[in-house]
Amino acid sequence: MTVGQIMVICGSCLVVAAALLGVFGSILLHKRKKAVLLEIEHEYR
């Protein structure tokens, strides 16, 4: 394997990892936002 091939493989792995992190992060944020909104609603009642 050449250095170029290794760099391409590493790059694609990084892109996949970044995409997974982005999806995971947005799901976590969405869940946290829902929980916070529910707490706020509960307090105001």
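Quick notes on this structure:
- Gyration tensor verdict on the chain (Cα atoms; rounded if a/c is under 1.5, prolate if a/b is larger than b/c, oblate otherwise): prolate
- Simple spin-label estimate for Val3 and Glu43 in nanometres, 7 Å along Cα-Cβ: 5.6
- Helix 3-44 and the longest principal axis of the Cα set of the chain meet at an angle near 0°.
Taken together, the values in this text are just the output of simple stated rules run on the coordinates, not laboratory data. Since we're looking at a predicted model, the values are computed, not measured. Here the Cβ is made from the backbone with ideal geometry for all residues, glycine too, and neighbour counts use every protein chain on show.
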